[in-house]
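To start, the structure under review is shown below, and the notes come after it.
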Amino acid sequence: MKIGKTLTVIFLVAFFIRLAYVFFVPQLPLLGDAAEYDQLGWDIAQGKGFPVKGDFLVEPLRAPGYPLMVAFIYKIFGHNLMAVRILQAIINSFLCTFIYFLSMQLINNYKIAIIASIISAVYFPFVSYVGLITRESTLT
C-alpha cells in the first residue's frame, strides 16, 4: 500500500474513533478552564471580545488562539459544544499523520513510523482530549 493511502486510512481510523468517543461517551461538564474557554468563545462570537477592565485584559494569561477558534465555531453553528468537539477530532486526527512524519525524520524507519502512527490513533489520552473544551486538545 502506498504511503498516501496508508496515512489516509490511519487518519480516517483515528477520526472515526474520536467521533465515536465524542458521540457515544458522556462528556465531562464544563468546569474550570473549560467553562472559561467556552464563555470566552461565546463572548467573542457575540461581538463582546475579550473581557477588559480599563486598559488591561482581565484574562491576560489566556492566549487568544483557542478562544478565537471556539468563537469561529460558535459564530457558524451557534453555542454548540458538539461542533467544537468535532473540529477538535479533525485536528487531533492529523496528529497521527504528523507522528508518522516526525518518526520518519527521527528514526527513518517506515515500519516504526507506521506503528507509532497507529498507536497514536488508538491511544486513549489522545482520543479523550477531543472531548475537552480546552486548548490541550489542539496543542497535543
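Here is how the numbers come out for the structure above:
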quantity: The one condition in (1) of a type outside the set (D, E, K, R); (2) under 25 Å from residue 22 (Cα atoms); (3) in a helix (DSSP H, G or I) that residue 131 fails to fulfil; calculated: (3)
quantity: Residue check, residue 131 within 30 Å of residue 46 (Cβ to Cβ) and over 12 Å from the mean Cα position of the chain (by Cα); calculated: no
quantity: Single residue of segment 106-124 satisfying the filter (open to solvent by less than 50 Å² (accessible area, probe 1.4 Å) and of a type outside the set (Ser, Thr, Tyr)) that is nearest to residue 18 (Cα to Cα); calculated: 121
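Residue-wise test of (1) part of a helix (DSSP H, G or I); (2) open to solvent by 30 Å² or more (accessible area, probe 1.4 Å); (3) modelled with pLDDT under 90; (4) of a type outside the set (Ser, Thr, Tyr).
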{"site": "7", "(1), (2), (3), (4)": "yes, no, yes, yes"}
{"site": "11", "(1), (2), (3), (4)": "yes, yes, no, yes"}
{"site": "15", "(1), (2), (3), (4)": "yes, yes, no, yes"}
{"site": "18", "(1), (2), (3), (4)": "yes, no, no, yes"}
{"site": "23", "(1), (2), (3), (4)": "yes, yes, no, yes"}
{"site": "29", "(1), (2), (3), (4)": "no, yes, yes, yes"}
{"site": "34", "(1), (2), (3), (4)": "yes, no, yes, yes"}
{"site": "40", "(1), (2), (3), (4)": "yes, no, yes, yes"}
{"site": "44", "(1), (2), (3), (4)": "yes, yes, yes, yes"}
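The values are calculated or read from the model by the stated rules, or taken from the named source; none is laboratory data. This structure is a prediction, so every number in the text was calculated from the model and none was measured. For neighbour counting, all protein chains shown are included, and Cβ atoms are generated from backbone atoms with ideal geometry for every residue, glycine included. Accessible surface areas use protein heavy atoms only, side chains included; no ligands, DNA or RNA. Shrake-Rupley method; radii C 1.70, N 1.55, O 1.52, S 1.80 Å.
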